[in-house]
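The values are calculated or read from the model by the stated rules, or taken from the named source; none is laboratory data. These figures come from a predicted structure and were not determined experimentally. So basically every Cβ, Gly included, is an ideal-geometry build from the backbone, and we count neighbours across all protein chains shown. Protein only, heavy atoms only, side chains kept; ligands, DNA and RNA dropped before computing areas. Shrake-Rupley method; radii C 1.70, N 1.55, O 1.52, S 1.80 Å.
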Amino acid sequence: MIDRVILIGFMCSGKSTVGRLLAERLGWDFLDFDATIEMEQGMDVHEIFARRGEAAFRALERDLTERIAPQRRVVLAPGGGWVTQPELLEELRPGSLTAWLKVGPRTVLERHRRQGGVRPLLTVEEQVPALITAREPFYRRADYALDTESRQPAGLAAELADWVAREGDS
Ligand code: S3P
């Protein structure tokens, strides 16, 4: 029985947008990790990185994961680096469908510029291809991979909703 979806993928892959649409379709809750951490800490992710460092941010992601683990009928959109603590994904895996939203470096940078460019790990644009490559083994742990390059968020959400329905029947 699948009653949770976890969307993983690199920054600007559309996790929050697709996740919100998917949650609407399923009638489930939606939880955006970055937004929740920002609300709880009273500062944005950029500031957390600058003031406390990346390790402190990862500890906040870990703590949030543990707290939300009992939640069901929920679509989760953790930040792109959440997968680098793979035990967190494994903890949530039972009853979850995990999907990797794939995106290439050029699209990441285009989308990031369009959004006003606020992500701390995207400030050195030349490092993006290598960071995507380094993250791939973690993203490959997902049950499904979806190419997001030439697709609209609504179509991706519809495909994921079909998967949830199929898995629920099996
Ligand atoms: C990060 C991704 C960001 C945010 C933080 C670090 C990463 O989330 O958590 O800037 O390490 O890939 P998005 O993937 O939602 O941009």
Which of the residues belonging to the stretch 100-119 are within 14 Å of the ligand (Cβ to nearest atom), in contact with an Asp or Glu (Cβ under 7 Å, 6 or more places away or on another chain) and not in a helix (DSSP H, G or I)? K102, V103
Go through (1) open to solvent by less than 20 Å² (accessible area, probe 1.4 Å); (2) on the phi < 0 side of the Ramachandran plot one by one and return the number of the condition G9 breaks. (2)
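Specify the residue that is farthest from T65 (Cα to Cα); the eligible residues are those in the stretch 15-27 that are surrounded by fewer than 24 Cβ atoms within 10 Å (Cβ to Cβ) and more than 9 Å from the ligand (Cβ to nearest atom). Lay out the reasoning, then the answer.
Let us first name the residues in the stretch 15-27 that are surrounded by fewer than 24 Cβ atoms within 10 Å (Cβ to Cβ), namely 16-17, 20-21, 23-27.
After this cut, where a residue has to be more than 9 Å from the ligand (Cβ to nearest atom) as well, the list is 17, 20-21, 23-27.
Values: T17: 20, R20: 18, L21: 22, A23: 18, E24: 22, R25: 24, L26: 22, G27: 22 Å.
The selected residue is R25.
Going by what's in this entry, would E90 be described as charged (D, E, K, R) and under 26 Å from E24 (Cβ atoms)? Give the steps one after another, and end with the answer.
Details: charged (D, E, K, R): yes; under 26 Å from E24 (Cβ atoms): no.
Against the criterion (charged (D, E, K, R) and under 26 Å from E24 (Cβ atoms)), E90 does not qualify.
So which residues in the stretch 28-66 are under 22 Å from R93 (Cβ atoms), among the basic types (K, R) and more than 10 Å from the ligand (Cβ to nearest atom)? Step through it out loud before you land on a result.
Narrowing the stretch 28-66 to residues under 22 Å from R93 (Cβ atoms): 28-34, 36-37, 58-66.
When the remaining residues are screened for being among the basic types (K, R), the result is 58, 62.
R62, the sole residue that qualifies.
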Tell me, please, whether a residue that is crowded, with 17+ Cβ neighbours inside 10 Å, on the phi < 0 side of the Ramachandran plot and of a type in the set (K, R) can be found in the stretch 48-55. no
Of (1) out of contact with any Gly (no Cβ under 9 Å at 6 or more places or on another chain); (2) under 26 Å from E167 (Cα atoms), R73 fails just (1)
Return the total of residues in the stretch 1-14 being within 7 Å of the ligand (Cβ to nearest atom) and over 13 Å from the mean Cα position of the chain (by Cα). 0
Tally, over the stretch 120-170, of residues that are in a loop (DSSP other than H, G, I, E, B) and either among the basic types (K, R) or open to solvent by less than 40 Å² (accessible area, probe 1.4 Å) (or both): 5
In the stretch 81-97, anything touching a helix residue (DSSP H, G or I) at 6+ places or on another chain (Cβ under 8 Å) and open to solvent by 10 Å² or more (accessible area, probe 1.4 Å) is listed as T84, Q85, P86, E91
